[in-house]
1. For residue 135, work out the one condition from (1) surrounded by 15 or more Cβ atoms within 10 Å (Cβ to Cβ); (2) at pLDDT below 90; (3) in a strand (DSSP E or B) it doesn't fulfil.
2. Here are some conditions: (1) out of contact with any helix residue (DSSP H, G or I) (no Cβ under 7 Å at 6 or more places or on another chain); (2) buried (at least 16 other Cβ atoms within 10 Å of the Cβ); (3) closer than 15 Å to residue 33 by Cβ. Residue 97 meets all but one. Which one does it not meet?
3. Mind checking which residues of region 24-78 are over 15 Å from the mean Cα position of the chain (by Cα), closer than 20 Å to residue 112 by Cβ and not in a loop (DSSP other than H, G, I, E, B)?
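The values are calculated or read from the model by the stated rules, or taken from the named source; none is laboratory data. Note that the structure is a prediction, hence the values are computed from the model and not measured. Note that we place each Cβ from the backbone using ideal geometry, even for glycine, and neighbour counts take in every protein chain shown.
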């Protein structure tokens, strides 16, 4: 009986937290994560939720697993002075979310850092993120 009560309270608490608004995010600068990736490891940054602003490098629809349509967003995090033209982050989005995104426009997002992967075009390293919230500016 107690376990059922605790389970009910836990579910209610999670439901209230989910309705509470903004997703909590760490105040971790992108440059710190980039330095860790350049050193060969994500270290303690893996699994961390962050809120960052970058520039849309590419936004498109594609068919993912089980042929379900999804959006793909590539973001350039470099400022204009050090921009190398290659995207720095990749994440999947709901398919409709990419329709309103334009290359070169700023985008703010909350996402979880997952892993690194090679960019097929540039050969550079991309940071794979799990999108939680997308805000266009």
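1. For residue 135, the exception is condition (1).
2. (3)
3. Answer for region 24-78, where residues must be over 15 Å from the mean Cα position of the chain (by Cα), closer than 20 Å to residue 112 by Cβ and not in a loop (DSSP other than H, G, I, E, B): 31, 32, 35, 36, 37, 43, 44, 65.
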